[in-house]
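Right, one structure below, let's go through it.
The values are calculated or read from the model by the stated rules, or taken from the named source; none is laboratory data. This one's a predicted model, so the numbers in the text were calculated from it and none came from an experiment. Reconstructed Cβ throughout: ideal geometry from the backbone, glycine too, with neighbour counts over all protein chains shown.
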Amino acid sequence: MKLSRRSFLQMSATLASSTALASLPNTASAADIQDGHKALVCIFLFGGNDAYNMLVPLSEPAYSEYISARPELGLTKEQISPTGLTTDNGVALGIHHAMASMLPLFADGQASVVINSGQLIEPTTRSQIEQGEVDLPDFLMAHNSQQEMWQSGTENLSHPYGWAGRMMDMLGISSGISPLFSISNEAKLLRNASSSQTVINSSGVDNYNAWDQESRVNGYFSHFKDREYSNVYERNYALRMKESVIENDELKNVLNAYPATGSYPQSDLAEQLSMASRLIQANDMMGQKRQVFFVGIGGFDTHKDQKTAHHNLLAQVSDAVAAFNQDMNDQGLSEQVTSITMSDFGRRIIANASGTDHGWAGHQIISGGAVNAASAYGNWPDLTLESEHNYNNGRIIPGTAADQVNASLCSWFGLDNAQILELFPNLNNFDSPYLGFVSV
Amino acid sequence: MKNDAGEQRAQYAKFLYRATFGPKQGEIDNLQKMGLKAWFEQQTQSPASYHLAKAQEFAALSEEPVNDNMRTGAWWQRSIQADDQLRQRTAYALSQIFVVSKHGVGNRHAELANYYDILLKHAFGNFRDLLEEVTLSSVMGRYLTLEGSRKADADKNTFPDENFAREIMQLFTLGLWQLQPNGWPKLDAQGNKIPSYSQNDVEELARAFTGWRSSDLFAPMYADNGRHDSEAKEILGSSFPAGQSAENDMQQALDLLFNHDNTPAFIAALLIKRFVTSNPRRQYILRVADVFRSNADGIRGDLLAVLSAVLTDSDVINGFAESGDLQRKNTFGRVHEPIIAVANQARAFDMVSEGPRWWDFQYTEANLGQSPLTSPTVFNFYTSDFTPQGELAENNLTSPEFYLLTADNMRRIHNRLWGNIYAAWASPSERKWTWDAAEFEALEAFPEQYIALINERLFGGLMSQELADYLNYMLTVELQGEYVHLRVRNTLYVAVTSPEFFCPE
């Protein structure tokens, strides 16, 4: 017996009122958003992507400096495909040949790259670090701290919310189904005051097997409808049961209305992006003028035997991102959707025996119709051992702050300067809080 | 106390939900009769039920090499049927600290089972011995890439691998921040937390750990001193003299980490969270850490003494917990790991495999969001300080297991709990598990006795009056006149999906 619609709606209404927004500080009204729908897709490369083997300089002396820093692990010129992009300091960029499926996006002006970005509190050079003149972010080379820092903002590691979640609070965005979607597992990026993020599996939703008997449904619901719990774990567990039931039911309706589109390769990341595509297409049905998606792929912690493993990982990312962009183009949604890669940190330019160790700065790939893709963003760093960019034997100091990258995305979503500085107070230390990689 | 005997029995029941994979029929009464001291003695003397041998037995039955399903099936058979429950439960807790995973090691499942056996072997031993055997394990060497790490090579411009050096400090011994003896972070004059090691310590320790190789994932790694960096090192303020072998440096480094001020409280807090409560008070952590620092004989790192302290502390008996900003509210206890909730159910029903080989009837990793030695990363299935958004986070309380309770997993877990109930009536197959519901069927016509039976088997006698009342309503009103098996199944479903089944105190 199916759960009656009526009891469901009753429940949902109760839920909505219990999480309804009291007025938040610095909040615009959702009604103020006039420029139509936008979706941001963060693609997290867990483990620390070896960005210096993802994007490689074609110009000299940059290539020679690169290959002498990693004589064994560096890509040969034959393994690099030109992107047509040039950095702010005039270095032509190639991409790992495993990522050839991205080349049409670069050619069509739908993708660009941010070079040498990472966690920074203020502009930083090697001499300044050695002389103790700059503050450095906490635990620079630790996986979990750095993953979290990308999602919280550099100075906000201890803040309970993530920057994208807080951005949605500031924009006054909320809806029945939360517009903050994490595919697979909860993400710090999406935490905020006004809603619980929607955590969804890329295989979608399914049935509660025991619910073909009304007494079982009633009993299940009694656990959260009729009971008060004094124990804090029971109370929150019952709430999670309730939220899960509602989310499962509402998403079932949405996903039935929006079956999969496009042509995706078979990979976990591709399935996640395919799910994101369906939810993006359903934005109007869900009443979501802004959406943020968090998807991810692991395995980038390539300390050892890196060559094949990294090649395969980059191919998966490239093929999935290319398919996703094609899907967005086919649906006419390309201008509304921007995706960006992030990773714990870049890896050390100097290698281990057959892999690489934790480094600092890395590169990011941005794609979508709103991307200003005429050039790359940022300066190519000097990779030689004694350079001002080279800290601690090959951990490259970022030239662009992660906060600047994230702020640019917030600006595209509609935050003003004051709001952005509230999210990323460090940006006062930089000449400009933004990079111009998306059209506002 | 109003009812001393009843209260005492409740304490024993709660104890068994912590120290074992859940009480089986008769075990609470048995414990009450023998007392904790005799129970600990019995558990420590009970021979270890190893997993590799069981997985190999299953492999022989299927005439295939050990695979994931066999290794997981062996884990379930041991967790449900083995008598050395404290050892099994402890090894499982240790597998979430000294993490290795098939995601990383690869499908080397006999070798993974053998790694699990290392944890079983040392569960009641000394932490220092455990740390050494884990460190030198070829499976760990492969997982955290210590195997093959060699001294810097100027010609190839390569450096030692820092992976294991970093994680042994961050995750296996010290943690990120300097701790007070009670596990709370130390603060500097400005009120900031103080890192417990620097990047330089990581690099130096990585040098000390160079030179280890392996040719057999079942065996420990061996030293190849030609690859070892024998220059002097300075690690966490200690000098490692030049000229030491890989073995010398390893011993000195492990001693240093074992004897570090952070290690007792760091490990105490992790174990308390796995066994007892997500929000221990600092006094509790301190008492357990003190036992780690020195057992009754003055020995550091005695894991059995530590376990005993974790499980029998006065805060555990009194149900005291850190309440964060929820002033003196009910914050003692934890949310079960999904795999432990299912193990509780299976033991309550005394489930057995229908065939001689135990298959992974739960499809554990897909349905429960976790499975032994399958963590996505070395950071385990959740971090120990994870807290779900909402009341717990707002009041500065943690509940790590909540990370696994996504809407998707919640539905899958409850579907598994239902599948396990239904297994008593399902068509037989040697790949399934089953159980005998006759005891329940015999009593369903007598609601009071029937509910008492559910209470005893599935809740150790701790069921709330509200849940008992609801089950009584089902039997006497909602399911009045329905078939016996339906009355049994439906009431059991409601019982095992209750928050109290998943949230033991």
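One table, with the values for the structure above:
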item: Within segment A:200-210, considering residues that are surrounded by fewer than 21 Cβ atoms within 10 Å (Cβ to Cβ) and within 16 Å of B:TYR493 (Cβ to Cβ), the one farthest from the other protein chains (Cβ to nearest Cβ); result: A:ASN207
item: Matching option when the condition is part of a helix (DSSP H, G or I), within 10 Å of chain A (Cβ to nearest Cβ) and not acidic (Asp, Glu), among B:ARG150, B:ARG166; result: B:ARG166
item: Top-ranked residue in segment B:308-362 [being in a loop (DSSP other than H, G, I, E, B) and free of Cβ contacts under 8 Å to residues at least 12 places away in the same chain; ranked as nearest to the other protein chains (Cβ to nearest Cβ)]; result: B:ASN330
item: Segment A:211-257, subset surrounded by fewer than 17 Cβ atoms within 10 Å (Cβ to Cβ) and not acidic (Asp, Glu), residue farthest from the other protein chains (Cβ to nearest Cβ); result: A:ALA257
item: Wholly enclosed helices (runs of 4 or more DSSP H) of segment B:1-82 bearing at least 1 residues more than 30 Å from B:VAL316 (Cα to Cα); result: B:51-62, B:68-81
item: Hits in segment A:317-335 - residues which are surrounded by fewer than 21 Cβ atoms within 10 Å (Cβ to Cβ) and among the polar types (S, T, N, Q); result: A:GLN326, A:ASN329, A:GLN331, A:SER334
item: Output for segment A:333-360, where each listed residue is within 14 Å of chain B (Cβ to nearest Cβ) and assigned to a strand (DSSP E or B); result: A:SER343, A:ARG347, A:ARG348, A:ILE349, A:ILE350, A:ALA351, A:THR356, A:ASP357, A:HIS358
item: All positions within segment A:198-215 that are over 11 Å from B:ARG411 (Cβ atoms) and not aliphatic (A, V, I, L, M); result: A:THR198, A:SER202, A:SER203, A:GLY204, A:ASP212, A:GLN213, A:GLU214, A:SER215
item: Residue match in segment A:244-262 (condition: part of a helix (DSSP H, G or I), among the small types (Gly, Ala, Ser) and farther than 28 Å from B:SER464 by Cβ); result: yes
item: Of residues in segment B:457-471 being within 16 Å of A:ASP226 (Cβ to Cβ) and within 12 Å of chain A (Cβ to nearest Cβ), the one surrounded by the fewest Cβ atoms within 10 Å (Cβ to Cβ); result: B:GLN465
item: Residue in segment A:143-154 that is over 16 Å from B:MET410 (Cα atoms), at the interface with another protein chain (Cβ under 8 Å from one of its Cβ atoms) and among the small types (Gly, Ala, Ser) present; result: yes
item: Number of positions in segment A:119-150 that are of a type outside the set (A, V, I, L, M), in a loop (DSSP other than H, G, I, E, B) and under 15 Å from A:GLY362 (Cβ atoms); result: 2
item: Any hit, segment A:304-316, residues being under 14 Å from A:VAL113 (Cβ atoms) and part of a strand (DSSP E or B); result: no
item: Failed item in (1) within 23 Å of the chain's Cα centre (by Cα); (2) hydroxyl-bearing (Ser, Thr, Tyr); (3) within 13 Å of chain A (Cβ to nearest Cβ), with B:THR173 passing the rest; result: (3)
item: Yes/no for B:ASN295 being part of a loop (DSSP other than H, G, I, E, B) and free of Cβ contacts under 8 Å to residues at least 60 places away in the same chain; result: yes
item: Any hit, segment A:171-186, residues being part of a helix (DSSP H, G or I) and in contact (Cβ under 8 Å) with a residue 12 or more places away in the chain; result: yes
item: Per-region count, segment A:164-199, residues within 7 Å of another protein chain (Cβ to nearest Cβ) and in contact with a Phe, Trp or Tyr (Cβ under 6 Å, 6 or more places away or on another chain); result: 1
item: Residue match in segment A:290-303 (condition: free of Cβ contacts under 8 Å to residues at least 60 places away in the same chain, within 14 Å of chain B (Cβ to nearest Cβ) and crowded, with 21+ Cβ neighbours inside 10 Å); result: yes
item: Hits in segment B:114-147 (condition: outside any helix (DSSP H, G or I) and within 14 Å of chain A (Cβ to nearest Cβ)); result: B:LEU144, B:THR145, B:LEU146, B:GLU147
item: Any hit, segment B:189-211, residues being polar (S, T, N, Q) and away from every other protein chain (no Cβ under 13 Å); result: no
item: Single unsatisfied condition, B:GLU133 versus (1) surrounded by fewer than 20 Cβ atoms within 10 Å (Cβ to Cβ); (2) over 28 Å from B:GLU41 (Cβ atoms); result: (2)
item: Test: B:SER278 is assigned to a strand (DSSP E or B) and small (Gly, Ala, Ser); result: no
item: Any hit, segment B:397-406, residues being within 20 Å of the chain's Cα centre (by Cα) and more than 10 Å from chain A (Cβ to nearest Cβ); result: yes
item: Meets criteria (touching a helix residue (DSSP H, G or I) at 6+ places or on another chain (Cβ under 9 Å) and either at negative phi or among the polar types (S, T, N, Q) (or both)) for A:SER230; result: no
item: Yes/no for A:TRP380 being away from every other protein chain (no Cβ under 14 Å) and either assigned to a loop (DSSP other than H, G, I, E, B) or in contact with a Pro (Cβ under 9 Å, 6 or more places away or on another chain) (or both); result: yes
item: In segment A:113-151, residue modelled with the lowest pLDDT [restricted to those that are surrounded by fewer than 24 Cβ atoms within 10 Å (Cβ to Cβ) and of a type in the set (Ser, Thr, Tyr)]; result: A:SER145
item: Scope segment A:361-377; condition part of a loop (DSSP other than H, G, I, E, B) and among the hydroxyl-bearing types (Ser, Thr, Tyr); matching residues; result: A:SER375
